[in-house]
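Taken together, the values in this text are just the output of simple stated rules run on the coordinates, not laboratory data. Being a predicted model, the structure only gives us computed values, none of them experimental. Using ideal geometry, Cβ is built from the backbone for each residue, glycine included, and neighbour counts are taken over all protein chains shown.
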């Protein structure tokens, strides 16, 4: 039994073709939009690539760009096909092309849904990547004289100022690394020597943070050294002080920024998916309706259009059979054996019947 | 004698009307662009309104917005007129409208020219406004508990971080004001008391700057206190240190930003003025060439078009006469009024 059968008079076919032509232009435009959204997302991810350890999350924008380009091509073809559908002679040229075209289009359209679900599924991977990347950034903050790492300080400073965050999880991450280079430490002073002896690795650890952690909204000038020492500053209690430094960690800030971006892109992707599906469905109806016209001579006859000729299960079985028949052709040389075996069985069967 | 006379055959008139229609649409778009540029400039100026001493500079975006809206109106009517131009029955309806229309259009074009000039020459006024505003911003930096000034600190900090600048002319401006509020000073310590006694006004002055002056490109952690004391920091010479703080003053940074913006806007307005001028000239040619045809029955005859019927001087006198008469009438009336009671 056919799936979703609809009758199409000549007028309705003409309307369908016109609507499809318009819809294919709209879908082409949305394909371009998807492509540019993918480019934008990729640019944003690349801007902060220095604090990301892995590039897994780039799958999402790559997929969006691929689907955007593919949908431009698909909709161009759809537009040409529906222009040719008014002319029966030209339409028969497209016959062999259409079934693989539908397969490929459905594949690319489903990639949109895959991209959307990936953007949620890859969130833990992004978080892990940011955790490692920021940890390295904070560790190599002081290495402004080491080639390859000399811009870490500037990157981390600008990141903390722009996203209004401090450290990996919070500002205390800065207490655990030496972020002041040895070049700027006076090794003859007692204080420096004490601090370096106070831990196993001989690092100069302070309860201070870089200036980029300072919050401009604070009513008092920024306190960035001896943060835990209440007596070092007049009228200061560090566990009550909320506005002095940025409270948020940079990992959380970046994660919420990127998740926000992808959540905003999500509904757009979904609506483009629906538009594309409707283009493909209309094209399928047009194709099947035209098949009815081909057999008869009169163009203005009423025909039926459908999505699938047989039921879903039967169509899938048919597709499997076709694939099985195609595979021997590719592997080569076995069709002959299969044919002879089949013939032998048929003959045996015929003999039995006889 | 007629100014810039040109002969127009019927074909030429049709072409003129068509190109005028297209040109009027282009000029409409240009007018809306001018309006948007005016809005954009106003928004950008308002973003940093707290460090500007006066609002003189706002005349530039306001003029741009007026000119943009005026241009939209002018070009709308130009399009309507040229649509009706080739229909001899509809065109005479516009006759009485055209003179005031030209007056208004010349006024708008003149305003456009003024706006363009202003956007190039208002930099001096902006400079003095910023000098005053930034000086106040630095002075009231510490007053985070005074209502009306409690956001000066935040706006100065964000300004210095966004524009990568420090102080008014340079960072030493911070040495001359007390930018740390008394609430956070321990007035019992010797150091604080010494500093406060060291100057007439009893202010706590120090050779330090706020954190927002720090340059992230510096290879060493930011030095913001005891800037002139080389011995206070290891391996530090304040005269050779270039990357530690932002060296540029905020006044210079803001003037160059807004100056660049207004230069671009001036160039765009110049091109819009040229487009608008060509619309008005084409409309005038169309009008005069059609008026020459009025008496005749054949609409397809050749006619002459011109910009001005008499020379520039005579036309200006003609226009001013009604205005002068009005003024003289007032004078005569007031003289008679004075004479009568006397």
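Observations on the model:
- At R0 = 45 Å, FRET efficiency that the Cβ-Cβ distance of residue B:14 and residue A:294 yields, to 0.05: 0.35
- Label-to-label distance, residue B:113 versus residue A:319, with points set 7 angstrom from Cα along the beta-carbon direction: 7.3 nm.
- Three-way shape call for the range B:217-342 based on the alpha-carbon gyration tensor, with the a/c threshold at 1.5: oblate
- Estimated inter-spin distance, residue B:314 and residue B:44, nm [label 7 Å along Cα→Cβ]: 4.8 nm
- Look at the stretch A:179-187: the mean tally of other chain Cβ atoms within 10 Å of its residues' Cβ atoms is 3.
- You can think of it this way: the chain between residue A:190 and residue A:62 has 40.5 nm of extra reach, that is 0.36 nm per residue less the Cα-Cα gap.
- Averaged over B:155-162, number of beta-carbon atoms from partner chains that fall within 10 Å: 3
- Rounded, prolate or oblate (a/c below 1.5 giving rounded, otherwise prolate when a/b exceeds b/c) for the range B:260-334 by Cα gyration tensor: oblate
- For a label point 7 Å along the Cα-to-beta-carbon line of residue A:107, residues of the range A:241-283 with backbone N under 18 Å: A:277, A:280
- Highest mobility in the GNM of chain A, judged by mean-square fluctuation with C-alpha springs under 10 Å and restricted to A:45, A:286, A:327, is found for A:327.
- Computing FRET efficiency as 1/(1 + (r/R0)^6) for residue B:237 and residue A:277, where r is the C-beta to C-beta distance and R0 is 60 Å, gives about 0.30.
- Residue with peak Gaussian network fluctuation, chain A [Cα springs, cutoff 10 Å], from A:232, A:319, A:281: A:319
- Residue among B:84, B:169, B:230 with the largest mean-square fluctuation in a Gaussian network model of chain B, springs linking Cα atoms under 10 Å: B:230
- Average beta carbon contacts from partner chains per residue of A:143-153, 10 Å cutoff: 1
- Taking the centroid of alpha carbons for each part, the range A:140-202 and the range A:58-112 are 55 Å apart.
- Computed helical MRE - 222 nm, the protein assembly as shown, DSSP H runs ≥ 4 contributing -39500 (n - 2.57), nearest 500: -21000 deg cm²/dmol
- Global geometry of the protein assembly as shown, whether rounded, prolate or oblate, following the gyration tensor of its Cα atoms and the 1.5 cut on a/c: oblate
- Cβ-derived FRET efficiency at R0 35 Å, residue A:40 paired with residue B:183, nearest 0.05: 0.15
- With Cα atoms defining each centre, the range B:217-268 and the range A:218-269 are spaced 25 Å apart in the structure.
- Mean separation of Cα contacts under 8 Å, 6 or more apart, over the residue count of chain A: relative contact order %: 25 percent
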